[in-house]
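The structure under discussion appears below in the form of structure tokens.
The values are calculated or read from the model by the stated rules, or taken from the named source; none is laboratory data. Note that the structure is a prediction, hence the values are computed from the model and not measured. Please note that ligands, DNA and RNA were not included when accessible areas were found on the heavy atoms of the full protein model with its side chains. Shrake-Rupley method; radii C 1.70, N 1.55, O 1.52, S 1.80 Å.
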Amino acid sequence: PAAPVSLSKVTLTKEAPSVSLTKQGGTSGAMRVNLNWQMRKQFKGWGSKLGRAMAMHADLDLDLCALFELSDGSKGVVQALGNAYGSLQQPPFVLLDGDDRTGASASGENLTVNLDRKDYFRRLLIFVTIYEGARSFADLDATVTLQPQHGAPVDFSLGECTVPSTVCALALITNNGGDLVVRREARFLVPERGVSPQRTVDHAYGWGMNWTPGRK
């Protein structure tokens, strides 16, 4: 007999980082991937000046992005840079809904994944970059939520950033014989001098793409 489908929310942690979307009932329809963030306002002691300098940015611009690899071997990126917003009805079956430049929007930034085309996916890496407005993710509280249309939500927090990171790998979604597995990454990466955040993520996860500078 088939294992029962769980419809209660799953919160991924460092100790329990993975969950099967199939077991959560999330196998069809649209899945929204949401990034919501806010600034920490509590600054104490000697770090208060540094904290304010790093975090108090009204112009903070975070970009939600996705690297994809499809079953036919094709690879690419969905991101606001270069207006590479993707598509739900044709490859890569991933769409960036918009570009929230403030973080004040209740909905934050959203990617939508077409789970009706899950057989086309080999792997999908959701990540976020700081486009402008801050030098690192320090003093940001961020939560990632994956909400399948027909299934329970999966969420996790990024935790504290303690390195000068401008790009963070959020979640890796892999197709294991038709079973989509979500793994919390919450991995803050530090680009080397002159290396873009996108190329940094590519190198960390072995995507092997060629990158050129982009604008939005």
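Shown for segment 125-203 is the translational diffusion coefficient from the Stokes-Einstein equation, using the Kirkwood radius over Cα pairs, a temperature of 37 °C and a viscosity of 0.692 mPa s: 239 µm²/s. Shown for segment 108-216: the carbon plus sulfur share of the solvent-accessible area, taken with all protein chains present and a 1.4 angstrom probe, equals 43%.
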